[in-house]
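Below is one structure, written out as structure tokens; comments come after it.
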Ligand SMILES: Cc1cc2nc3c(=O)[nH]c(=O)nc-3n(C[C@H](O)[C@H](O)[C@H](O)COP(=O)(O)O)c2cc1C
């Protein structure tokens, strides 16, 4: 299985990135091909809402020249896309929100072009957050579930860990084993 991990923390030393380490190791140990993208290192402009992408059939068609085109290639390569994100203001940081908004050209729903460039792919979430479990993650998870339904993607679940002691919270055997179990579940 081809797995794309989009990591949304802007921090250089990041809880979310730490949690991705055992997750990625487990994916690879079980035969997955993995691409890992730190979104904060990329230039991804906000969607302009210009609808130009909706006139272009068969390709992404966004008029903006930035790193989103490479991310779209990664999305098209992937069988499973993992949104690995800290929760910021009950959602995700701006770099990941920009990617989610810029999905528009993958769905040709609103202009003369028709079809989808990503229907059927699996989507999962790994989240880290300050508040407790579902209270922290449910707004973002609900949005992703709705985006998946709208885009005919297959939402396959969330694994999240609460930030109680910064990096150390994500280095416990419980947190790391949780990511390994989640990785194996996603590969089934
Ligand atoms: C600007 C900012 C906003 C945050 N907003 C929330 C929030 O709304 N809910 C929550 O549960 N935690 C929130 N947190 C806590 C982070 O989600 C948590 O510390 C996370 O593990 C940080 O991950 P990172 O090191 O990968 O960036 C926020 C942290 C920051 C810096």
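No value in this document is a laboratory result; all are computed from the given coordinates. Predicted, not measured: the structure shown is a model, and the values here were computed from it. Note that each Cβ is placed from the backbone with ideal geometry, even for glycine, and that neighbours are counted across all protein chains shown.
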query = Given the chain, what whole percent of its Cα pairs are spread farther than 23 Å?
reply = 40
remark   = The value for the range 1-78 (convex hull of the alpha-carbon atoms, volume per residue, Å³) is 89
request  = Sort 142, 38 so that the residue with the fewest other Cβ atoms within 10 Å of its own Cβ comes first and the one with the most comes last.
outcome  = 142, 38
inquiry  = Could you work out how much longer the chain between residue 145 and residue 51 gets when fully extended? Use 0.36 nm per residue separation minus the Cα distance between them, nm to one decimal.
reply    = 31.5 nm
message = For the range 121-188, report the % of Cα-Cα distances exceeding 13 Å.
response = 66
ask   = Just how far, in whole angstrom, is the range 60-113 from the range 125-168 if you go by their alpha carbon centroids?
value = 17
request  = Can you tell me the order of 100-112, 129-141, 83-95 when each peptide is scored by its average per-residue count of other Cβ atoms within 10 angstrom, highest first?
outcome  = 83-95, 100-112, 129-141
task = Would you order 77, 118 from fewest to most other beta-carbon atoms within 10 Å of each residue's own beta-carbon?
result = 77, 118
Distance (nanometres) between label positions extended 7 Å along Cα→Cβ at residue 131 and residue 43 = 3.6
Relative exposure of 3, 82, 72, judged by other C-beta atoms within 10 Å (fewest first) = 72, 3, 82
remark   = Rounded to the nearest 500, the 222 nm mean residue ellipticity computed for the chain from DSSP H runs (n ≥ 4, each -39500 (n - 2.57)) alone is -11500 deg cm²/dmol
request  = Just need the relative contact order of the chain here, percent rounded to a whole number, with Cα pairs under 8 Å and 6+ apart.
outcome  = 28
